[in-house]
Every structure is written in structure tokens, then in C-alpha cells.
Amino acid sequence: MENNILNQIKDDLESFVGKQVSLKANQGRRKIIQKEGVLEETYSNIFVVKVDNEQTPRKVSYSYADVLTETVEIKIKENNTKIGCVSV
């Protein structure tokens, strides 16, 4: 069942490649980063976001499991859709 959920998250993200996103990542020890950027690519186990930065753009990658466990929260800016919300 978990594999189906991860595949669903991957499919959802694939449909928004090239769109503006905002992401919030919990990096432990009360360190939470919030960034905005473009969902650039999805791969079999990770997705890549090109982050808008003042000096130089950079890329960050996270796994679909990070979204599933809510370590990373990703929202599509266009319609404010949150990816990975699972109704139980």
C-alpha cells in the first residue's frame, strides 16, 4: 500500500513539472526552511526544485517519502494545491 501512495505522490508531482511551487522542509533541531522555486524534474525516487535565490539559483532534491512523512510540504502556487495530502 505504501508503494501505491508513493507512486501517487510521484504522479501528482509529474503533472506539475515546470510550475512555481513553495516548499517547507523540516531539517531537524527546529530548523525549518521555506523556499520558492520551480519544480524542475521528477525521477524514480526523488524530485528536484530549482530554488529562487538572491545571488545564484540552486537546486534542491527530496524524496517522495519526505512528502509522505510530511518532512517536506510542497504546494503548487498556481492553485494553492498541497501535494501529498492523504485522506484516511
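The values are calculated or read from the model by the stated rules, or taken from the named source; none is laboratory data. Since this is a predicted model, take the numbers as computed values, not measurements. Glycine also receives a Cβ, built like all others from the backbone with ideal geometry; neighbour counts cover every protein chain displayed. Note: accessible area is taken over every heavy atom of the protein model, side chains too, but ligands, DNA and RNA are not part of it. Shrake-Rupley method; radii C 1.70, N 1.55, O 1.52, S 1.80 Å.
Using a 1.4 Å probe, what is the accessible area per residue for the chain, in Å²? Spelled out: the 1.4 Å probe surface of the chain, per residue, equals 69 Å². What translational diffusion coefficient, in µm²/s and rounded to a whole number, does the Stokes-Einstein relation yield for the chain at 37 °C and a viscosity of 0.692 mPa s, taking the hydrodynamic radius as the Kirkwood radius over Cα pairs? D = 250 µm²/s.
For the chain, trypsin sites (Lys or Arg not before Pro) are listed when DSSP marks them as loop and at most 10 other Cβ atoms sit within 10 Å of their Cβ; the list is Arg29, Arg30, Lys31. Across the chain, the relative contact order, built from alpha-carbon pairs under 8 Å that are at least six residues apart, equals 28 percent. In the chain, helices alone account for a calculated mean residue ellipticity at 222 nm of -6000 deg cm²/dmol, with every DSSP H run of four or more residues adding -39,500 (n - 2.57).
Extending 7 Å from the Cα toward the beta-carbon at both Lys19 and Thr69 defines two label points whose distance is 2.6 nm. Please check: in the Gaussian network model of the chain (C-alpha springs, under 10 Å), which one of Thr71, Thr56, Thr42 has the largest mean-square fluctuation. Result for the chain, Cα springs under 10 Å: Thr56 fluctuates most. Rolling a 1.4 Å probe over the protein heavy atoms leaves Glu36 with an accessible area of roughly 90 Å². Over region 1-48, what portion of Cα pair distances is larger than 11 Å, expressed as a whole percent? Distances greater than 11 Å cover 72 percent of the Cα pairs. Here the chain has 43 percent of its accessible surface on carbon and sulfur atoms, given a 1.4 Å probe and all protein chains in place.
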